[in-house]
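Bear in mind that the values in this text are calculations on the coordinates, not laboratory data. From a predicted model like this one, the values you see are computed outputs, not experimental measurements. All Cβ positions, even for glycine, are placed from backbone atoms using ideal geometry, and neighbour counts span all protein chains on display.
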2 protein chains.
Amino acid sequence: MKLLLVEDDRELATALKELLEGEGFRVRLALDGKRGLDLALSEDFDLILLDYFLPSMNGREFLKRLREEGSKVPVIAITVVSDVKNKVDFFQMGVDDYITKPFHFEELLARIGAVLRRYAGIEKAEVDLETIRIDLNRKRVFTEKGEVSLTSAEYLLLEYLVLNRGRFVSREELLERALGNYEAEGNTVEVLIHRLRRKLGRDVIMTKKGLGYRVM
Amino acid sequence: MKLLLVEDDRELATALKELLEGEGFRVRLALDGKRGLDLALSEDFDLILLDYFLPSMNGREFLKRLREEGSKVPVIAITVVSDVKNKVDFFQMGVDDYITKPFHFEELLARIGAVLRRYAGIEKAEVDLETIRIDLNRKRVFTEKGEVSLTSAEYLLLEYLVLNRGRFVSREELLERALGNYEAEGNTVEVLIHRLRRKLGRDVIMTKKGLGYRVM
DNA sequence: AAACCAGTTAATCTACGGTTAAGCTTTGGA
DNA sequence: TCCAAAGCTTAACCGTAGATTAACTGGTTT
């Protein structure tokens, strides 16, 4: 397993590198964003660990360029504070997972393991419903008519419903758990459900007044 | 409400403790798994918050030992992995809920509330009657012909009758306890019973004049 | 700076489902 | 076997949860 660690704090970087190598990973180190990007594009890595607040090039910029070049390498972002408004913003950038500093090394290992497993396809990767099929790894959704393109929020909502299929999920739970929005206000969920139904068909998601939404 | 917080990160632990105490909980703190387990087994707690990645004893081990000793205290796991595979594992280990770091305090509060409520209530599972089967967790009802869709009020009525099966329940009791309507007026219950009978079959709910309704 | 995209908000519309009402049927005591 | 009271059935009513549509906003792209 070949990892790329992009981290400007030399001390932390070398410490992490050694620890990861102790776990059997091969680790390349880049002390700034530009070099990191060059490396990421010129070599094949299984995973990139990216400090999100690099002085030279921040994580957002890094990710944008990386994805523009067509790279699909999974990325775990290292952030300082969870100042991200909600999950949508974050995952929209193409991050697979994130961890907040300071963290325990075990936590990082667990996340690396989870992401790698996800990408290796060891995890259950697909869910087949009556009329739709969902690729959980690639985050793609297919109907009888072919693939449909969902926005981030639409996808998160659908995924949550599918992973909890069989039971009714309340609007509040969807807002909080699926979208990560804790100041539940407004009818966002209703609008997103409506859009999902338009794309997937009317009968994939059912409503029960007072209980919430259910798939299947 | 007495909580046990098992968390080795001293900073996070004390912060959480204070926040929880601010919410009116009594909180005991254990900074490692062994001490946590001792406490859990020697005192009565309403709920345990367990960091799943303790250095000394991990969550799995903790839970195994806890349950081996016969404790039925509900446990909320604090974890960093967020994949579904583990969700199943967790619940198999006897975890009631879990929350992934980093989390908002409000979310933790919500989950604590949910678990406590669940435990305060009647134990729920599945009830099999002669002709119908009821999944109390998912609020779903099946007859020989397949699933029937009940409205909220219909379901509440049926659930109450089933949980009190064998005895006659008066119209007033149903209205007040099952539906929560304390200004008993009109014949709502009769209409709902009628609709239930139409959906479930005539012989599931029987009437005794002057006494009320009964499910066997 | 104009156009675009995606999530949220706001305003309006719809219909679900609990309630009411009115007439019908069954029960069981005299 | 009568007949009131209790319960059943049906249809209509209507408030509100949810659906729908369009406009808004902040960020990003051209």
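Quick look at the numbers
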{"quantity": "Unit charges on C-beta of K, R, D, E only; dipole of the stretch B:153-212, Debye", "calculated": "420"}
{"quantity": "Average other protein chain Cβ within 10 Å of Cβ, residues B:49-59", "calculated": "1"}
{"quantity": "Across A:Lys72/A:Lys139; B:Lys34/B:Lys72; A:Lys199/B:Lys199, pairs whose alpha-carbon gap is larger than 24 Å", "calculated": "A:Lys199/B:Lys199"}
{"quantity": "Sites A:Glu172 and B:Asp32, calculated FRET efficiency, Cβ-Cβ separation with R0 35 Å, nearest 0.05", "calculated": "0.50"}
{"quantity": "Peptide-level mean, for B:135-148, of C-beta atoms on other protein chains within 10 Å", "calculated": "1"}
{"quantity": "Pseudo-label separations to other copies for B:Thr207 - Cα-to-Cβ vector, 7 Å, nm", "calculated": "3.4"}
{"quantity": "Inter-copy label distances at A:Glu69 (7 Å, Cα→Cβ; nm, one decimal)", "calculated": "5.5"}
{"quantity": "Added length on full extension, which subtracts the Cα-Cα distance from 0.36 nm per residue, B:Lys145 to B:Ser56", "calculated": "26.7 nm"}
{"quantity": "Teacher prompt: B:Thr14 distances to equivalent labels in other copies, 7 Å Cα→Cβ, nm", "calculated": "3.2"}
